[in-house]
1. Taking only the range A:397-416 into account, find how many residues are more than 10 Å from every other protein chain (Cβ to nearest Cβ) and in a strand (DSSP E or B).
2. Pick out the one residue from B:Gly142, B:Gly195 that is assigned by TED's automatic domain parsing to the domain that holds B:Gln226 and crowded, with 24+ Cβ neighbours inside 10 Å.
3. Are any of the residues in the range A:119-133 in the same structural domain as A:Asp85 (by TED's automatic domain parsing), assigned to a loop (DSSP other than H, G, I, E, B) and closer than 21 Å to A:Tyr82 by Cα?
4. Please find, within the range B:157-190, the residue that is surrounded by the most Cβ atoms within 10 Å (Cβ to Cβ) out of those that are of a type in the set (Val, Ile, Thr) and more than 8 Å from every other protein chain (Cβ to nearest Cβ).
5. Of the residues A:Asp373, A:Asp316, only one is out of contact with any His (no Cβ under 8 Å at 6 or more places or on another chain), over 20 Å from A:Ala18 (Cβ atoms) and either at pLDDT 95 or above or not assigned by TED's automatic domain parsing to the domain that holds A:Ile109 (or both); which?
6. Which count do you get for residues in the range A:93-123 that are touching a residue at least 40 places away in the same chain (Cβ under 8 Å) and within 30 Å of A:His368 (Cβ to Cβ)?
7. Can you tell me which of B:Ala234, B:Ala214, B:Ala278 is touching a helix residue (DSSP H, G or I) at 6+ places or on another chain (Cβ under 9 Å) and modelled with pLDDT of 95 or more?
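The values are calculated or read from the model by the stated rules, or taken from the named source; none is laboratory data. What you see is a predicted model, and the numbers here were worked out from it, not measured in a lab. Neighbour counts run over all protein chains shown; Cβ positions are idealised from the backbone, glycine included.
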Protein chains: 2
Amino acid sequence: MAELVGNLLVAQSGGPTAVINSSLAGVIQEAGHHDCIEEIYGGANGILGILNEELVDINDEKAKTIQGLRYTPSAALGTCRYKIDFKKKPEKAAKDMDRLFEVFQAHNIRYFFYIGGNDSQDTSHKIHEEAVKRGYEMRVIGVPKTIDNDLPFTDSCPGYGSVIKYAGATVMEVGIDVGSMATDDGSCCIVEVMGRSAGWIAAGTVLAKRGNPANPPHIILLPEIQYDIDAVMAKIKETVSTYGFCVMVVGEGIRDKNGEEIGADKTRLDSFGHPVLAGAAEKIKEYVQGKLNTKTRTVLLGYAQRAAEHFASLTDANNSFACGEAAVRAAVNGQSGFMVKIVRNTEGGTLKWSTDLQELGTVANVEHFVPRDWVSEDGLLPNEKFVEYARPLIEGEVKFPLEGGLPKYVTLEKSKVEKKLPPRS
Amino acid sequence: MAELVGNLLVAQSGGPTAVINSSLAGVIQEAGHHDCIEEIYGGANGILGILNEELVDINDEKAKTIQGLRYTPSAALGTCRYKIDFKKKPEKAAKDMDRLFEVFQAHNIRYFFYIGGNDSQDTSHKIHEEAVKRGYEMRVIGVPKTIDNDLPFTDSCPGYGSVIKYAGATVMEVGIDVGSMATDDGSCCIVEVMGRSAGWIAAGTVLAKRGNPANPPHIILLPEIQYDIDAVMAKIKETVSTYGFCVMVVGEGIRDKNGEEIGADKTRLDSFGHPVLAGAAEKIKEYVQGKLNTKTRTVLLGYAQRAAEHFASLTDANNSFACGEAAVRAAVNGQSGFMVKIVRNTEGGTLKWSTDLQELGTVANVEHFVPRDWVSEDGLLPNEKFVEYARPLIEGEVKFPLEGGLPKYVTLEKSKVEKKLPPRS
């Protein structure tokens, strides 16, 4: 393999996580070890920024800022949800692809790393194929990222361990709070977490039980399973009667027995005539208060769960960093068209994490769901198989500096790389 | 003053906090230093448990469990919202009072400490007056507690510093997350925090700005101020246009220009005919998405904010502990009918915390609100005066042990004290 000399471009895509910047730091710090990589550029706001030739010069950043990315949530380079959609908009997609390669060529980009979820792996795959087709020598490696944990082949997705560590601790804390208030009437708390089609996050909060059936959460509903609301109500009633209270966790996309999203309330229109998205937890709260007459409160973690660096998993952050490093090493070694994946090694009784490569073509647009046999028969609680899988992912805490009682995160200077092309038409 | 020899009873009331157990630890550990205090009992579930003669023997607990209360959220003894209401239910209140004193006498309770908010201070006051009236020698001291920070005379309320430290960090993290996603369309995130009539919690998240107007939160709405929704919408629009995104924090009880709670939606009834409580954040989200066409997401911290020991304020925990200690010292010194209050000493340029006593009669049923001149003229953001007040309250982090990646909190054994009375009629 001939050494490929040129510049590196890295970008971030989709929803941020607590550790997506850790992968970015991994790419940048590993790139510094390879002479064949000349300049290190970042794409501002993912593919969208690259299309607009908005590149930032990472070598202008202070070393301590790059180190600080290992404990800074959000997407430090900015992100986007822009999709190059060859199926629905083939003409626009072809034009976008032309523009991307104009930018790559203008800045002699020979190493391209895209950190993101399913859509981003698809984009990386298309860019790799296009490079081969055009005979433009460039190495493309996808770096996994998604709190949803729904990328296939990888043991787990960077971002997932941190979100379930935080959500697990939160459910645990909410649980002992509600439990200590449980007097004669009983009470119920419903925590809604992210996950529209895959229930990994909701399932992960089962770790808060620490093996004790009495501990919250008592019920966990996943989008993968269709629920009979009456059966759920019966279980809540039974739980309140046994423990005096009930803590339930629901994924935002949970569905009823007809397969309809429970959170989408078609019977209510807002002042502009659109159906109101009441939220799954709020919807079930109405049921519980109405049918069981049990005081019910909700918690909607929303963006807070994926940004909660202040209680992020060190295992997750380290694996994310390792994915970034591995991507660069693979590319420098001549690989292209792969996604880095996390591998769990349990030989010899101690768990060790490593990385490997997976062909992008096999990854793109495949969603990985919680296996049905990792959940109890009634579908209301993940079982020991799930716990065995998830528990190692939340080990350790990310250390971060504080100032005035609040975390002190870093911000990139983002000095702009001079544009060489006319504006995108 | 003659030494009063007898038993101690401590109980917790109202909504739990991250540090209410720290006050309990303060009471218990200080009590251990005074020979005049023989047995240390806890009331299970506040006044309600005492009425039912449900006392637990604190001296049966392990010393390390008591120490663990300093980093364990929830109300370890259990709590209640039971109110002895002489105004609305004078007969029942008189009967309850008789029963309380039967229990006090049966167990030779000579020291009574009630840890709670406004209602609990009122209860403590009534018990103190009743003891004097009955000639039953007992010393009653109220220990303050409320995340709402609405007790008068005390510098701040135990629980408040921790909730704004956690909520402030959360808003900061949500802020950089949303900021990094802000591409051409702009986006908005609304975080709803507790506070039905006092806006201390919402106001406290202003600390996340760290003095920089560009930093989130960009807008904070308090229940104390009536808002013209159109003016709020205009400010959101301006913020999105300036920064590309907007993060807003609202107290749950915020009101519109007619003084109506924004979160209470009278136009919508649930299947049982009750008005749906949509939540203030959800309601404003509908406005923003409808009127400004700006993508908006909400976060509802709910019980999570008051239980978030994993990022609690050490200053708050220490002050809470000191309040418990001071209550016992005051009682042993012959005082009764007081609430402990926190005092801030800034002489000599360094801040020192101490405690003092405040007559319960002056405290009961007085609510302390955010001063109007601590908020900007347009009412949309707390100002420097507020920041100067709140900043010291979040200093330091409570340390806690971890196991398997999650906090390891303690639970009381709660061995029951033998009952001496017939059941409550």
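1. The total comes to 1.
2. Result of the check over B:Gly142, B:Gly195: B:Gly195.
3. No, that holds for no residue.
4. Out of the qualifying residues, it is B:Val163.
5. The conditions single out A:Asp373.
6. Residues that pass the stated criteria total 15.
7. Values: B:Ala234 fails: touching a helix residue (DSSP H, G or I) at 6+ places or on another chain (Cβ under 9 Å); B:Ala278 fails: modelled with pLDDT of 95 or more.
So the residue among B:Ala234, B:Ala214, B:Ala278 that is touching a helix residue (DSSP H, G or I) at 6+ places or on another chain (Cβ under 9 Å) and modelled with pLDDT of 95 or more is B:Ala214.
Every residue, every condition in (1) touching a residue at least 60 places away in the same chain (Cβ under 8 Å); (2) in a loop (DSSP other than H, G, I, E, B); (3) under 22 Å from the mean Cα position of the chain (by Cα), yes or no:
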{"position": "A:Asp177", "(1), (2), (3)": "no, no, no"}
{"position": "A:Gly195", "(1), (2), (3)": "no, yes, yes"}
{"position": "A:Ala208", "(1), (2), (3)": "no, no, yes"}
{"position": "A:Ser241", "(1), (2), (3)": "no, no, no"}
{"position": "A:Gly253", "(1), (2), (3)": "no, yes, yes"}
